[in-house]
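Novice: I have a structure I would like to understand better, so I am pasting it below and will then ask my questions one at a time.
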Amino acid sequence: MTTPTPPASRPHGTLKLRRVAIDTYRENVAYMHRECEIYRAEGFQALMKVEVSANGAKTYAVLNVVDDATIVGPDELGLSIDAFGRFGLEAATPVRVAQAEQPRSMDAVRRKIAGERLTQADYRAITLDIVDNRYSKMEMAAFLVSSGQNGLDREEVLALTRAMLESGERLDWHEPLVADKHCIGGIPGNRTSMIIAPIVAAHGMLMPKTSSRAITSPAGTADTMEVLCKVDLTPVELHTIVAAERACIAWGGTARLAPADDILISVERPLGIDSQGQMIASILSKKLAAGSTHLLIDIPVGPSAKVRHMREAVQLRKLFEYIGDRMGLHLEVIITDGCQPVGRGIGPVLEARDVMAVLRNEEAAPADLRQKALRLAGRILEFDPDVRGGYGYAIARDILESGRALGKMEAIMAAQGGQPQSFVAGPLTFETTAQSGGVVTAIDNYIVARIARLAGAPMDKGAGVDLLKKLGERVAPGEALYRVHAEYRSDFEFARAYAQQNSGYTIGESAEAVVSYMDL
């Protein structure tokens, strides 16, 4: 055992700061050597929360203890990539380490676990502590699970929305009408925003589309747009692009828009949590922070969608409208068909292919993706006081068919910056075939999305599922239903094993096909 002698340049009781090149995905992690004098003297233990301070700066991190001096030496304190970047100090800076006090807002979390109703002050304290990195992922998981299990009433959803909104910056576009659209998710391939934004911008309306990355789906709008161009944009870049093109399609994380939500999403994703109250607060806080004044919410309904019954959709619509009204947001909700995936591709590369096929007016472009995008774009165009009710669809169709939407999309992509990496569909493929002949009477959204995620989507851009048959289409025995793409052999095997257990398709007679909700 070696006892280090503190150099003269390092004050007593401090450690030298070191950047540890480990990605801990939005969790601050500190690394301390087991033979460190401070570790032994202070009685630190692995996974406890520590406070790191120097030169007036302070951050909190979960402690990991190491025995390998090549990671951190006995006289060093390591910080993970994100933690080091947020701390903002140079390597080798002397830092002090102390046990962190448990965040006071954990009392509110414990009350929520017990089934109590929390106040605006409670939610504000929780979100501020989360943004200050005072919560470990275990503590955040406790908050999320308790909120999902015990539910949030509408006043709690309103309080959480306000608290999340106050946790970060707000964009101001200095215009009276800033349009946006959001789908609550659960339908693979539903990449309408990338078609709607250029249509709306070509009409002249402002639509700065800032999106999250996928939580439980095989791709989010930002994941798919990243196939085509840069999506990590600073607030200054966002303003410059939107001023020039009237729209952007970007990831909202770099703009510090409701950052508490981004941190909670990092916990929701691996746990697969997406509770109703959290979902509404997440969506509306992000949209308000992004400067939206007019918002269209898409709620797909279907037997394997997030929302499976019309009564649930109506209740959700009323809650969205209540929160939107209280927050001063002009909000409309449209209920759409969620009986099957939209388009043919599921996964970033395959969905980007479908989007560009629609914008290019290709004959083989997915008709359902085109139709839904036009329908939603038409409703958004009717936010414009100069567009008469019922005329939006025709205007949107004209913009698409004339090529103006494609031109605008190409201009947005150029403004955001070209994607230096070329993404293609994963080279490892297998096809799932029909066991019997007949008509496709049902497609399980969850199962095909799960197969796409097991194949590697959205982290691997080229991974996903390419649907070869949709509802109502006839298939012969042994005919391919879909093709799965993967980039890595392990993902390929996981996806194939899962698909062999359940293809996600039901083959029967045409009379058995599920009812469409598209016209509701």
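Where a number appears in this text, it was derived from the coordinates with a stated rule and is not lab data. The model shown is predicted, which means the values in this text are computed figures rather than measured ones. Here the Cβ positions follow ideal geometry from the backbone for every residue, glycine too, while neighbour counts run over all protein chains shown.
Novice: Stretched out fully, how many nm does the piece from Tyr391 to Ala57 gain, at 0.36 nm a residue minus the Cα gap?
Specialist: On the way: separation 334, 0.36 × 334 = 120.24 nm, distance 5.60 nm.
Contour length minus Cα-Cα distance gives 114.6 nm.
Novice: For segment 15-99, what does the relative contact order come out to in percent, with C-alpha contacts under 8 Å and a separation of six or more? Working shown, then result.
Specialist: Details: 183 pairs, mean separation 42.6, N = 85.
RCO, segment 15-99: 50 percent.
Novice: Quick check: residue separation of Glu155 and Glu509 times 0.36 nm, minus the Cα distance between them. What number comes out in nm? Please list the in-between numbers first.
Specialist: Numbers: separation 354, 0.36 × 354 = 127.44 nm, distance 4.71 nm.
Once the chain is fully extended between Glu155 and Glu509, it gains 122.7 nm.
Novice: Continuing with the same structure: Please identify every one of the GluC sites (Glu not before Pro) in segment 64-121 that sits in a loop by DSSP and has no more than 16 other beta carbons within 10 Å of its own beta carbon.
Specialist: Numbers: sites: Glu76, Glu90, Glu101, Glu116; in loops: Glu90, Glu101, Glu116.
Passing both the DSSP loop test and the Cβ count: Glu90, Glu101, Glu116.
Novice: Under 21 Å between alpha carbons, and skipping anything fewer than 8 positions from Lys318 in its own chain: which lysines qualify?
Specialist: List returned: Lys181, Lys286, Lys287, Lys306.
Novice: What's the angle, to the nearest 10 degrees (0 to 90), between helix 367-381's Cα axis and the longest principal axis of the chain?
Specialist: Once rounded, one gets 80 degrees.
Novice: With n ≥ 4 as the cut-off for DSSP H runs, can you work out [θ] at 222 nm for the chain, using -39500 (n - 2.57) per run divided by the number of residues, rounded to the nearest 500?
Specialist: Details: 18 runs with 204 residues, N = 520.
About -12000 deg cm²/dmol.
Novice: Suppose R0 equals 60 Å; then what is the FRET efficiency for Gln120 and Glu479 from their Cβ-Cβ distance, rounded to the nearest 0.05?
Specialist: Values: r = 57 Å, r/R0 = 0.95.
For R0 = 60 Å, the calculated efficiency reads 0.55.
Novice: Could you give the length gained by full extension between Tyr25 and Ala92, i.e. 0.36 nm per residue of separation minus their alpha carbon distance, to one decimal place? Could the numbers behind the result be given before it?
Specialist: On the way: separation 67, 0.36 × 67 = 24.12 nm, distance 2.35 nm.
Extra length from Tyr25 to Ala92 when fully extended: 21.8 nm.
Novice: Kindly state, to the nearest 0.05, the FRET efficiency for Asp172 paired with Ser402, given R0 = 45 Å and r defined as their beta-carbon distance. Each step should come with its number before you reach the end.
Specialist: Numbers: r = 32 Å, r/R0 = 0.72.
Plugging the Cβ-Cβ distance into 1/(1 + (r/R0)^6) gives 0.90.
Novice: What net charge is computed for the residues neighbouring Ala480, neighbours being all others with C-beta under 15 Å from the C-beta of Ala480, Lys and Arg scored +1, Asp and Glu -1? Don't skip to the answer; put the middle values down first.
Specialist: Working: positive: Arg344, Lys469, Lys470, Arg474, Arg483, Arg496; negative: Glu431, Asp466, Glu473, Glu479.
Local charge sum for Ala480: +2.
Novice: Continuing with the same structure: So for the chain, Kirkwood radius off the Cα pairs, Stokes-Einstein at 20 °C and 1.002 mPa s: how many µm² s⁻¹?
Specialist: 87
Novice: So, one more: Rg to Rh ratio, segment 428-512, alpha-carbon atoms and Kirkwood radius? Numbers along the way, then the final one.
Specialist: Values: Rg = 12.7 Å, Rh = 12.8 Å.
Radius of gyration over Kirkwood radius for segment 428-512 works out to 0.99.
Novice: Percent of Cα-Cα pairs per 5 Å bin, from 0 to the last occupied bin, for segment 15-99, please list those.
Specialist: 3, 17, 31, 29, 16, 3, 0
Novice: Rounded to the nearest 10 degrees, what's the angle between the helix 489-501 long axis and the longest principal axis of the chain, both from Cα atoms, 0 to 90?
Specialist: Approximately 50 degrees, to the nearest 10.
Novice: Would you kindly work out the equivalent ellipsoid of segment 106-151 from its C-alpha gyration tensor and give its semi-axes, the square roots of five times the eigenvalues, largest first in whole Å?
Specialist: Each semi-axis is √(5λ); the values are 16, 13, 7 Å.
Novice: What do you get for trypsin sites (Lys or Arg not before Pro) in segment 32-81 restricted to DSSP loop and a cutoff of at most 15 other Cβ within 10 Å of the site's Cβ? Please list the in-between numbers first.
Specialist: Working: sites: Arg34, Arg40, Lys49, Lys58; in loops: Arg34.
Filter output for segment 32-81: Arg34.
Novice: While we're here: Pick out, in residue order, every one of the trypsin sites (Lys or Arg not before Pro) in segment 258-336 that is DSSP loop and has at most 15 other C-beta atoms within 10 Å; say none if there are none. Walk me through the numbers on the way to the answer.
Specialist: Numbers: sites: Lys286, Lys287, Lys306, Arg308, Arg311, Arg317, Lys318, Arg326; in loops: Lys306, Arg308.
Within segment 258-336, the qualifying trypsin sites (Lys or Arg not before Pro) (loop, at most 15 other Cβ atoms within 10 Å) are Arg308.
Novice: Tally Lys/Arg at +1 and Asp/Glu at -1 over every other residue whose Cβ is under 12 Å from the Cβ of Leu233; what's the total? Please list the in-between numbers first.
Specialist: Working: positive: Lys209, Lys230; negative: Glu226, Asp232, Glu237.
My count for the surroundings of Leu233 gives -1.
Novice: Efficiency by 1/(1 + (r/R0)^6): what FRET value for His309 and Ala497, r their Cβ-Cβ distance, R0 = 41 Å, to the nearest 0.05? Intermediate values should be presented prior to the final figure.
Specialist: Values: r = 32 Å, r/R0 = 0.78.
Efficiency computed from Cβ-Cβ geometry: 0.80.
Novice: Moving on. Based on Cα coordinates alone, diagonalise the gyration tensor for segment 285-339, multiply each eigenvalue by 5, take square roots, and list the semi-axes in whole Å, largest first.
Specialist: Details: eigenvalues 106, 26, 13 Å².
In descending order, the three semi-axes are 23, 11, 8 Å.
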